[in-house]
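The next block holds one structure in the form of structure tokens; read it before the comments.
Taken together, the values in this text are just the output of simple stated rules run on the coordinates, not laboratory data. Model, not experiment: these values are computed from the prediction. Cβ sites come from the backbone with ideal geometry, for glycine too, and all protein chains shown count toward neighbours.
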Amino acid sequence: MESVSKVIVVMALAFIFLTYLLLIKKKNSIISILLVGIASSIILNTDTLGNISEGFGRSVGNIGILVLLSYLLFGILKSSKAIDSIGEGLLKVFKKGREELGVALIGSVFSIGLEKEMSYLLLSAPIESMGKVKGKSKKILGLSLGISVLIVSSLLPPTAGPYGVAKLMGIDLLSMIKYGLLISIPMILVAVFYIKKYIKFEEDSINKAEDKKVFSKDKKPGFIISILPIIIPALLVILKIIFLEYDYIGFFVNIVKSLGEPIVAMAISVVLARLILNKYIDNNEDYVSEAIKKSSSIILLIGVSEFLAMVFRATNISEYIGSLFIDYGIPAFILPFIIATFIKFIQGNEIVAMMTTAALISEVGLISNINPIITALSICVGSLFFSYVNDGFFFLVTETLGIYDMKDKIKSWSLLTVIVWIVGFLSLVVLNIFI
């Protein structure tokens, strides 16, 4: 490993230069991140080709396919007008003026058991049909969805991050879910309030009466049949997690475990949508080509962001910084929070931040000095800090919502993750008083 000081200097310069390129010079995000990543990798003497292969391979082979399948699903739902039926049905549930909170609630429920990428991609389709409601913006609704999905999937098992932390801390999963849910509520409420009150986009400043969504009177599928392709893959993934957790065995269980793989479940969603909505689909629309076109740039952005993260991950700087905080004797209550925060900022991935921090804390035996629930949730909340260009979810949310300007990305999504990070920590301070 290169000297720690060299890694820190290179990392700082890389982010400063990237910010300059993206914010000031407004250069192409994909090219800028790729070039900065290659330069950093060469200076730090890491395996450049290996980092590129692993970064792109992981994103394209997993999240990238999910993105493509989600756009195919969206294309089918839109072409068949099923998306209008879903939007119309959801709008009947939400009270006027509370659409953002309603979307956040749906995102929270769907995120239990699903990784954030799949939850967001499954639910982003109905957002399109609600985007033209008078006084509402697709971007605002989408941010409400994205942040609720991020919070719940980062705090509540059985998603991978909080599940792994709970296991390392020796915490009962039901306790983790109960207290994780308690602190997620104020985080989501504050996030939705901030989104409604303070996030504005230039093109959304005027909402004319004629912009109100008018649902087609033409023949279209009903709400239940329209939403089935969204619900069924989510159920398959959740069933798989339950079967794995409780070691169920049997022929049916094995089938569900196979079908519950996120990519397989999403593929089933696309096939199911095509079959049950076939008679409603407009055959003049080439939704396949459109899906490939729209998903390609997002997949590349996720790939380069994962590559940049891999460069600094390969230096093991995360473990060093974690050990450094421990050596300096920072108070036990905030130690896990701070370590997870710094590791997330360095390499961009919540799960890596959670698992690295949990392993470090467990190794030095600090969990005996503080409530293990507080320890675990401190790690999870810390991992939410400042989503930026080394975080694939940063691009997934902003690009699918049409937020292309880098300043808008940071002012909306990045700042939003900092706000929920602060609210989460304050909620933990209060929770620590009572448990």
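Positive-end ranking of F193, M354, L34 along the dipole of the chain, with charges on Cβ about the Cα centre, is headed by F193. Dipole orientation for the chain: of the candidates A12, N62, S108, S108 has the Cα lying most toward the positive pole (charges on Cβ; Lys, Arg +1; Asp, Glu -1).
For the chain, what does the helix formula give at 222 nm: sum of -39500 (n - 2.57) over DSSP H segments with n ≥ 4, over the residue count, nearest 500 deg cm²/dmol? Please list the in-between numbers first.
Numbers: 21 runs with 307 residues, N = 435.
Helix-only estimate at 222 nm: -23000 deg cm²/dmol.
Working note: Karplus 6.51/-1.76/1.60 with θ = phi - 60° gives region 411-425 the couplings 5, 8, 6, 4, 5, 4, 5, 5, 5, 5, 5, 5, 4, x, 5 Hz, where Gly and Pro are set to x.
Between I42 and K219, take the C-beta separation as r, use R0 = 45 Å, and let me know the FRET efficiency to the nearest 0.05. Before the final figure, lay out each step's value.
Values: r = 59 Å, r/R0 = 1.32.
Efficiency computed from Cβ-Cβ geometry: 0.15.
Using Cα pairs under 8 angstrom and six or more residues apart, how large is the relative contact order of the chain, in percent? Relative contact order here is 24 percent. Couplings for region 265-281, taken from phi via the Karplus curve 6.51 cos²θ - 1.76 cosθ + 1.60 with θ = phi - 60°, read 4, 5, 5, 4, 4, 5, 5, 4, 4, 5, 6, 7, 10, 3, 6, 9, 6 Hz in order; Gly and Pro are left as x. In sequence order, region 17-29 has phi-based couplings of 5, 4, 4, 4, 5, 7, 8, 8, 7, 6, 7, 4, 5 Hz under the Karplus curve 6.51 cos²θ - 1.76 cosθ + 1.60, θ = phi - 60°, and Gly or Pro positions carry x.
Listed cross-link partners K95/K344; K27/K293; K344/K407; K116/K136 are compared with a 27 Å cut-off, the Cα-Cα value being larger for K95/K344.
Among the chymotrypsin sites (Phe, Trp or Tyr not before Pro) within region 239-275, those in coil by DSSP and having at most 10 neighbouring Cβ atoms inside 10 Å are Y246. The residues R98, R58, R313, when put in order of fewest to most other Cβ atoms within 10 Å, stand as R98, R58, R313. Counting other beta carbons within 10 Å of each residue's own, what order do V352, V67 fall into, fewest first? If I rank by nearby Cβ atoms, fewest first, I get V352, V67.
If r is the Cβ-Cβ distance from V430 to Y404 and R0 is 45 Å, what FRET efficiency results, to the nearest 0.05? Don't skip to the end; give the middle numbers.
On the way: r = 39 Å, r/R0 = 0.86.
It comes out at approximately 0.70.
Could you give the size of the charge dipole of the chain about its Cα centre, using +1 on the Cβ of each K and R and -1 on the Cβ of each D and E, expressed in debye and rounded to the nearest 20? Mind dumping the intermediate values first?
On the way: 39 positive and 33 negative charges, 314 e Å.
Roughly 1500 debye, rounded to the nearest 20.
Each listed q (0.08, 0.09, 0.11, 0.14 Å⁻¹) maps to a log10 I(q)/I(0) for region 55-292, found by the Debye formula over equal Cα scatterers with no solvent: -0.32, -0.41, -0.62, -0.98.
Grab the beta carbon distance between R274 and S362, set R0 = 41 Å, and tell me the FRET efficiency rounded to 0.05.
Values: r = 47 Å, r/R0 = 1.15.
About 0.30, to the nearest 0.05.
For K411, the lysines whose Cα falls under 16 Å of its own Cα, not counting residues fewer than eight places away in the same chain, are K26, K139, K196, K197, K200.
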